[in-house]
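Notes follow the structure.
The values are calculated or read from the model by the stated rules, or taken from the named source; none is laboratory data. Keep in mind it's a predicted model, so treat the numbers as computed, not measured. FYI the Cβ positions are ideal-geometry reconstructions off the backbone, even for glycines, and counts take in every protein chain you see. With ligands, DNA and RNA removed, areas are computed over all heavy atoms of the protein, side chains included. Shrake-Rupley method; radii C 1.70, N 1.55, O 1.52, S 1.80 Å.
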Amino acid sequence: MTLQDLIIDHNWTLFLDRDGVINTRIIDDYVKSWDQFSFLPGVLPALKIFSGIFGKIIVVSNQQGIAKEVMTVQDVEQIHQRMIQESNSSGAVIHAVYYAPQLASSGSVMRKPNVGMALQARKQFPEIRFKRSVMVGDSLSDMLFGKRLDMKTVFLSHDSSLPNKNPRLIDFFYPDLKSFADAL
């Protein structure tokens, strides 16, 4: 199946991971304030393209730094408010952001690869159909999250060997979000 085989329109939902997809991931640390948040190159134009195609754009992000007490719920929500404002200013729409503050070791249904954030999204937006959804992420946890809900998955990485190692989890592969947007 190629990307062109999918008929993606306003009935589809785009789920996006945050760190490493929308903004620069801080290795071995967390984005704890807006000052540390940096959009990756091409992300704002990509979001604008997606806004013209998908009916909903939803961000789903594990944020265990809250449970580790290195940042607060308020810190994360301020980052998300600014991210949405900046996206809106560039002509894009992010409809909602969900985050899981629990520790990875908690086994919480909210943390990816578990599907709690997607179920929250569908509760808020009942028109979401997971079979007409795409999950974009930069980790195998993101891909498993998508596959557990029968979504199409898009893996972002500059390491082209990873999709070959996980063909059942990864439907499409691009180096970055803008490349995926341009392919649509």
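Observations, loosely collected:
- Among residues of the range 65-82 that are without any contact (Cβ under 8 Å) to a residue 60 or more places away in the chain, those with a Cβ under 7 angstrom from a residue that is in a helix (DSSP H, G or I) and crowded, with 20+ Cβ neighbours inside 10 Å, sequence gap 6+ or separate chain, pair up as ILE66/VAL76.
- Yes/no for ASP159 being open to solvent by 30 Å² or more (accessible area, probe 1.4 Å), farther than 27 Å from PHE39 by Cβ, without any contact (Cβ under 8 Å) to a residue 24 or more places away in the chain and of a type in the set (Asp, Glu): no
- Within the range 82-130, considering residues that are polar (S, T, N, Q) and open to solvent by 70 Å² or more (accessible area, probe 1.4 Å), the one farthest from ILE22 (Cα to Cα): SER105
- Checking ILE49 against (1) at pLDDT 95 or above; (2) open to solvent by less than 40 Å² (accessible area, probe 1.4 Å); (3) of a type in the set (Val, Ile, Thr), the condition it does not meet: (2)
- Residue list for the range 55-67, restricted to those being in a loop (DSSP other than H, G, I, E, B) and open to solvent by 10 Å² or more (accessible area, probe 1.4 Å): GLY55, GLN64, ILE66, ALA67
- Identity of the residue in the range 18-46, small (Gly, Ala, Ser), open to solvent by less than 50 Å² (accessible area, probe 1.4 Å) and not in a helix (DSSP H, G or I), that ends up farthest from GLN64 (Cα to Cα): GLY42
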